[in-house]
Amino acid sequence: MMRQYLEVKAEHPECLLLMRMGDFFEAFLEDAQELSRLTGVTLTSRNKDSDRPIAMAGVPHHSLKTYLPAILAAGKRVAIMDQLEEPAQAKGLVRRGITQVITPGTMIDELDAAKANYLVACTALDGVIGISCLDVSTGHFTVEEAPDAAHLQVALARLQPAELLLPEELRDDPASRVLLGRWLPVIPPLSGLPGYAWKGSDARRYLCLRLKVASLDGFGIGASEDHLAAAAAAALRYAEGALRIGHEQSLAHVGTASLDHVRILVRMHHADYLVLDAVCRRNLDILKNSRDGSRSGTLLAAIDRTCTAPGARLLAEWLSRPLARVAAIAARQDSVACLGADDVLRADLREQLGEVYDLERLLARVAAARVNARDLVQLGRSLQAAAALAASLEQASRPELLAGAIQGLRACPALCQELQATLVEEPPLAITDGGMIRDGVDAGLDELRGLRRDAGEWLAAYQGREAERCGMAKLKVGYNRIFGYYIEVSKANGEKVPAHFIRKQTLVGAERYITPELKEYEDKALGAEDRIRARELEMFSGLRERTSALVGELQECARAMATIDVLCSLSESARIGGWCRPVLDESHDLRLVEARHPVVEQVVGRGGFVANDTTLQALSSDPATPRLVVITGPNMAGKSTYIRQVALAVILAQCGSCVPASAARIGLVDRIFTRVGAGDELSRNLSTFMVEMAETAAILNHATRRSLVVLDEVGRGTSTFDGVSLAWAITEHLHDRIGCRALFATHYHELVDLAEDRPGIANLTVAVAEHDEDVVFLHRIVPGGAAKSYGIHVARLAGVPGSVVARAREVLATLEQLNLSLAERERPAARLGSTGAGPGAVAMQLSLFQANESPTLQRLKSLALDDLTPRQALELLFQLKAAAQGEL
């Protein structure tokens, strides 16, 4: 047995190997230690009394799925070495082999229902990167191009791969891990394929064969785009290898495993979508929050009212990749509006969707021959719900997106009927236990079940008939495991034994016999249970094969239901929140009336959130419709909430959703940039300020006039003068060079001066009400600039000791009295010469942003010294001295 284990382990040294032994999957030696460490199962050993005990740990075979997530989360691959024959039929050691290699990116079971599980493959040819994304659990299969590393970074941030597949030389290059560490918060498990697996010509042939097409043109992959074909083929090959497609399968599965549910390769184009980079996703808490990485407090959590797992995943996909084409957005908006206007229809649809199971992942198990009877029962119920959905939607004319979904809902009515007529309501989990098929479906099966069910009744009747025929009242029919059924007659009645009795066993006081009729029944009854299970398994296998042949139609149905679910969810959120349908167009406008933050509003309640307006227009030189707004105001007053809610409104609008406002008009945005918050990245040897500047550099280098830029407190990670200087220059660049729509929240009050000579910039502030030492933040955005930041007041609210707050007030009063307030230190204000200055004294204004030369120095430079008499020179010297003193 250990030789068998070690031989397979040598073929898969990179995997944690689990071997089926009875009711357990066992690991040995180093793998046992690793299994115990990762899952907490008991570590024991074999051959304890020897000098070399064998470490051993195991998990029950029926509980394996519960232990896999912990193993895979550690970046491990798990090789399943299952039994390939029944132990009772084995001649010697039970034959075993690898039936599956489970990796993070190729799992089908035990996944987060609301989250996609992507295997992402990347390769580069001639400087262009091909990216393929495959979700084995659903059949989702896409390919896209990244012209440079920056686009690759954006794609990986969006996809969040469960596993990243690279050419082996890149996977083994330490520089790859360093680069990924800069791009992603967590480096996914890395896997590799040898170089020959990425060849473009071979990849094309493989994909055409696998997807059953003559060429890849229909998938949008041109003749010169071998990098796309190579990435797609690598992902599919890797998945087939992990699922052991074409190899012998476990006894627990019936049929031939395949990836037939992977049927369509979709080409994605960046220009069709709003770009959200990793920084933007983190700062806006779109799918994960920035605190612990969960979905709590995210935009997704705020609007997710889906009823199905595929719907929840599709909603996350829509939020992760909003659209950038007006027509596509309008199609979604039309359907959301249709459902939002009909509360009765929407309620009916949501009730019917509640009966739908995770059809996408169920079909993956069908294709991989890992489906059980319960799965097929759920499939039948889902198809029944789909038919009900279609009936509800067909009652009136529907927008294009809903009308198209109706076509997919009418999938496979005959299969639905067969599943419901064939399978019991609550079948057992294991397909080898029987009890799956209804009575009345198969005459042979009914007969076998009758034998099993009526054995006692038949034997009693038979005993009565034979006793009466022979005239022996004490004749008894019995059974034992060695001799089977028998008729026992006492020796006292031996002369009454009829001729058709055949002696089988002699006892001390009795004889045991068999008859042809009893032997025939024995043959039927004793093998009935095994034959029942075999017949049920045969019928189930045929049902699975017929289901597998219809996977394509069933996937269309699953996609249709997921789309309807998302549209219902968006319309439900809009109705509950009182959101409006935004106008999307090709303009450069961004107008929001009474807009709210969708997440914060759910926390404080609709009545407790202060709505605010926003007006921006790219390239504008009108202060009434600025291209850039500078927002100053107190800490804790709501500046950050305000600028974030504008960005979230754009994301929702370009997803096709309504937005939390009373009215909205949004010109298409190609990309959202955010620079919010501060934090160092010690693992990358980057200070807080360096991280801030790197993110700002990305904005300035990549933003276009169609972009939306959201900045919060840029420049505060360094000295005051450096910070305000950078903030000033960055604002000028956004306004003068890029001309995009931008919001800049800052405590650098000097920036309000930019609006004086740039009409495309407007100043906004947050209204505050003061009474004695108390301050009330009104959270209302109004025109103008802030006078102070109320930092000491916020410190008191945060619980800073009273003595510290009191001392801070004393220091602040002293600084203000000495005209050295924080604002004066950040940007020196005008300092005039003293009134007691002597003749020739000239007032001078110091400015941080314009180099002003001293008037005294200017006068000195202009002097013609050769023309001065000694007396004139002496008088001039006194004048210059007095003027210089006045300028200090």
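The values are calculated or read from the model by the stated rules, or taken from the named source; none is laboratory data. Source: prediction; values computed, not measured. Cβ placement follows ideal geometry from the backbone for every residue including glycine, while neighbour counts extend to all protein chains displayed. Side chains included, ligands, DNA and RNA excluded: accessible areas come from the protein's heavy atoms. Shrake-Rupley method; radii C 1.70, N 1.55, O 1.52, S 1.80 Å.
Structural size metrics of region 276-387, computed from C-alpha coordinates, are Rg and Dmax of 17.1, 45 Å. In order along region 401-408, the Karplus-derived 3J(HN,Hα) couplings, from 6.51 cos²θ - 1.76 cosθ + 1.60 at θ = phi - 60°, round to 5, 5, 4, x, 5, 4, 4, x Hz, and Gly and Pro are given as x. In this calculation the C-beta distance from Arg171 to Lys115 is compared with R0 = 41 Å, giving a FRET efficiency of 0.95. Classified by the C-alpha gyration tensor, region 371-501 has a prolate form. Its axis ratio a/c, with a ≥ b ≥ c, is 1.5 or above, and a/b is larger than b/c. At q = 0.14, 0.17, 0.22 Å⁻¹, work out log10 I(q)/I(0) for region 126-207 with the Debye formula, treating every Cα as an identical point scatterer and leaving solvent out; two decimals please. Evaluating at q = 0.14, 0.17, 0.22 Å⁻¹ gives log10 I(q)/I(0) of -0.51, -0.77, -1.34. With 0.36 nm allotted per residue and the present C-alpha distance subtracted, the Gln463-His702 stretch has 76.7 nm of extension available.
Counting only protein heavy atoms and a 1.4 Å probe, the chain has 46 square angstrom of accessible area per residue.
Here region 302-379 has 47 percent of its accessible surface on carbon and sulfur atoms, given a 1.4 Å probe and all protein chains in place. Here the simple spin-label model places points 7 Å from the Cα toward Cβ, and for Asp23 and Val583 these points are separated by 7.0 nm.
For the ranges 601-613, 334-346, what's the packing order if you count other beta-carbon atoms within 10 Å of each residue, average per peptide, and put the highest first? Walk me through the numbers on the way to the answer.
On the way: 601-613: 14.8, 334-346: 18.4.
Going by the mean number of other Cβ atoms within 10 Å, highest first, we get 334-346, 601-613.
If only the Cβ of Lys and Arg carry +1 and only the Cβ of Asp and Glu carry -1, the dipole of region 440-528 around its Cα centre is close to 420 debye.
Each 10 Å bin from zero up to the one holding the largest Cα-Cα distance in region 617-669 carries the following percent of pairs: 20, 43, 35, 3. Magnitude of the charge dipole for region 140-299, about its Cα centre and with charges confined to Cβ atoms of Lys, Arg (+1) and Asp, Glu (-1), is about 380 debye. Only protein heavy atoms count here; under a 1.4 Å probe, Val676 has an accessible surface of about 10 Å².
Here, region 363-427 has an Rg and a Dmax of 13.9, 40 Å when only alpha carbons are counted. Under 25 Å of direct C-alpha separation, and excluding same-chain neighbours fewer than eight residues apart, Lys491 reaches these lysines: Lys474, Lys476, Lys504, Lys519. Amide H contacts for Leu125 (H built 1.01 Å from N in the peptide plane; partners 5 or more residues away or on another chain; cut-off under 5 Å): Gly130. Using the alpha-carbon positions of region 1-102, Rg (one decimal) and Dmax (whole number) come out as 13.3, 39 Å.
Need the full-extension length gain, Lys491 to Glu594, defined as separation in residues times 0.36 nm minus the C-alpha distance. One decimal, nm.
Numbers: separation 103, 0.36 × 103 = 37.08 nm, distance 10.36 nm.
Fully extending the segment from Lys491 to Glu594 adds 26.7 nm.
When its C-alpha radius of gyration is set against 2.2 N^0.38 Å (N residues), region 80-162 gives a value of 1.62.
Placing a label point 7 Å from the Cα of Ala271 along the Cα-to-Cβ direction, the residues of region 134-151 whose backbone N falls under 19 Å from that point are 143-148, 151.
Rounded to the nearest 0.05, what FRET efficiency is calculated for Asp217 and Ala403 with R0 set to 45 Å and r the Cβ-Cβ distance? Working shown, then result.
Numbers: r = 28 Å, r/R0 = 0.63.
FRET efficiency, Asp217 to Ala403: 0.95.
In the assembled protein chains, Phe721 presents an accessible area of approximately 90 Å² (probe radius 1.4 Å). Panel note: the C-alpha atoms of the chain, placed on their principal axes, show extents of 166, 76, 66 Å (largest first).
Rounded, prolate or oblate: which one fits region 400-460, using the alpha carbon gyration tensor with axes a ≥ b ≥ c (rounded when a/c is under 1.5, else prolate when a/b beats b/c, else oblate)? Show your work: numbers first, answer last.
Values: a/c = 5.59, a/b = 3.30, b/c = 1.69.
Cα axes put region 400-460 in the prolate bin.
Within the chain, antiparallel bridges make up roughly 65 percent of the DSSP beta bridges whose residues both belong there. Each of Thr42, Ser541, Leu874 was placed along the dipole of the chain (beta-carbon charges, centred on the mean Cα), and the one lying farthest toward the positive end is Thr42. Along its three principal directions, the equivalent ellipsoid of region 566-667 from the Cα gyration tensor extends over semi-axes of 22, 19, 9 Å, largest first.
State whether region 685-798 is rounded, prolate or oblate according to the following rule on the C-alpha gyration tensor (a ≥ b ≥ c being the square roots of its eigenvalues): a/c under 1.5 gives rounded; otherwise a/b larger than b/c gives prolate, and the remaining case gives oblate.
Values: a/c = 2.19, a/b = 1.42, b/c = 1.55.
Note, shape of region 685-798 comes out oblate.
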